[in-house]
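Colleague: To start, I am sharing the structure in question, which I have written as structure tokens.
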Amino acid sequence: MIVVTGATGNVGRALVDRLLAAGRPVRALTRDPQRAALPDGAEVVRFRPDDPAALFGGATALFLYAQAGAADLLAAARAHGVRHVVLLSSGIIQEGADETHPIHVMHATVERQIRDSGLDWTFLRPNAFATNALQWAPQVRAGNTVHGVFADALSAPIHEDDIAAVAERVLLDGGHEDAVHRLTGPAATTNAEQVAAIGAAVGRELTFVETDPREAGPELFPHIPPHMLERLLRSFEDTIGVPPEITNTVEKLTGAPARTFARWARDHAQDFDGRD
């Protein structure tokens, strides 16, 4: 049995689908099983840390989101037979990184807790997620102009299913204990180029209009806690004209090259267009 936390998230849901397709038993943890809409083959369990037997009984492996990680949870997993934990960490953890950045602090803390837990571990450290572009979906559905910060900021966004594909191989193949895998998409792209790719996917010409970052707020970043926004904006500004890290980890571990942002945009065209 493989336990998947964050099973309704972009990566978690894709991983549940992959593990079920491979014929592996999956226990999908979610805070609201009634609204999860997960596949029938998954054992859907309410995420209640105070009932560790329901979460981990009979399980041998755990896929963990950093937000769900805690020393007590890891101890409970180990006590109930889990041997290997695969953490969805962050590419922000690297040599020379700003260790005071809130995202670094959160993921580094969970990584340390896992190292101290006595469990075998594997850390997946993706950089930019292609799904971050979903922040523009309301604007694309409303018209052909997208307002955002730093049109020329560069990243190599990774498709969420490529992260799930790596997680699947790490969980099923073995040999990845105490390994760190850095994950990226296959090519650099600017924010303006991403918007153009989304336009191609929905059959419309979209225009990216750069917003002064001093005026950026919840309307552009509704899911970012206000206390983190200033630091994130500085991080984005630092990527202007700077080639991003690009790895071949996806292809090396899965046998298939990482998918382009244009492919991601086609896969998510309905999210932006709102039509079947």
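The values are calculated or read from the model by the stated rules, or taken from the named source; none is laboratory data. Keep in mind that this is a model prediction, so the values were computed, not measured. We place every Cβ from the backbone using ideal geometry, glycine too, and count neighbours over all the protein chains shown.
Colleague: Go through the range 179-213 and give me each residue that's farther than 22 Å from L88 by Cβ and in a loop (DSSP other than H, G, I, E, B).
Modeller: Residues satisfying the conditions are A187, A188, G203, R204, E205, L206, T211, D212.
Colleague: Being among the aliphatic types (A, V, I, L, M) and either more than 21 Å from I163 (Cα to Cα) or surrounded by fewer than 19 Cβ atoms within 10 Å (Cβ to Cβ) (or both) is the filter here; which residues of the range 17-35 pass it?
Modeller: Across the range 17-35, the qualifying residues are L20, A21, A22.
Colleague: Answer with yes or no whether A179 is in contact with a strand residue (DSSP E or B) (Cβ under 9 Å, 6 or more places away or on another chain) and surrounded by 23 or more Cβ atoms within 10 Å (Cβ to Cβ).
Modeller: no
Colleague: Ok, one more. Quick check on R31: is it touching a strand residue (DSSP E or B) at 6+ places or on another chain (Cβ under 8 Å) and among the basic types (K, R)?
Modeller: yes
Colleague: Out of Q113, Q139, I need the residue that is closer than 24 Å to E215 by Cα, over 15 Å from the mean Cα position of the chain (by Cα) and among the polar types (S, T, N, Q). Which one?
Modeller: Q139
Colleague: I'd like the residue in the range 109-139 that is touching a helix residue (DSSP H, G or I) at 6+ places or on another chain (Cβ under 8 Å) and among the aliphatic types (A, V, I, L, M) and, out of all such residues, is farthest from L88 (Cα to Cα).
Modeller: Per the stated criteria, the residue is A137.
Colleague: Follow-up question, since we're still on this one. Name the residue, out of V105, V140, that is out of contact with any strand residue (DSSP E or B) (no Cβ under 6 Å at 6 or more places or on another chain), assigned by TED's automatic domain parsing to the domain that holds P49 and among the β-branched types (V, I, T).
Modeller: V105
Colleague: Which one of A164, A201, A196, A192 is crowded, with 17+ Cβ neighbours inside 10 Å and without any contact (Cβ under 8 Å) to a residue 24 or more places away in the chain?
Modeller: A196
Colleague: Can you tell me which residue among H147, H176 is outside the structural domain of R27 (by TED's automatic domain parsing), in a loop (DSSP other than H, G, I, E, B) and of a type outside the set (F, W, Y)?
Modeller: Among H147, H176, only H176 is outside the structural domain of R27 (by TED's automatic domain parsing), in a loop (DSSP other than H, G, I, E, B) and of a type outside the set (F, W, Y).
Colleague: A follow-up question, please. Name every residue in the range 120-158 that is hydrophobic (A, V, I, L, M, F, W, C), surrounded by fewer than 19 Cβ atoms within 10 Å (Cβ to Cβ) and over 18 Å from I240 (Cβ atoms), in order of residue number.
Modeller: Within the range 120-158, L134, A137, A142 qualify.
Colleague: Right, here's the next one. Here are some residues: T30, T8. Which one is at pLDDT below 90, farther than 21 Å from I224 by Cα and touching a Ser or Thr at 6+ places or on another chain (Cβ under 6 Å)?
Modeller: Sole residue among the options that is at pLDDT below 90, farther than 21 Å from I224 by Cα and touching a Ser or Thr at 6+ places or on another chain (Cβ under 6 Å): T30.
Colleague: Could you list, in sequence order, all residues of the range 96-120 that are out of contact with any His (no Cβ under 7 Å at 6 or more places or on another chain) and either on the phi > 0 side of the Ramachandran plot or among the hydrophobic types (A, V, I, L, M, F, W, C) (or both)?
Modeller: Once the filter is applied, which keeps residues that are out of contact with any His (no Cβ under 7 Å at 6 or more places or on another chain) and either on the phi > 0 side of the Ramachandran plot or among the hydrophobic types (A, V, I, L, M, F, W, C) (or both), the range 96-120 yields G96, I103, V105, M106, A108, V110, I114, G118.
Colleague: Tell me which residues, restricted to the range 60-83, are surrounded by 20 or more Cβ atoms within 10 Å (Cβ to Cβ) and within 14 Å of D120 (Cβ to Cβ).
Modeller: Of everything in the range 60-83, those that are surrounded by 20 or more Cβ atoms within 10 Å (Cβ to Cβ) and within 14 Å of D120 (Cβ to Cβ) turn out to be A61, L62, F63, L64, L74, A77, V82.
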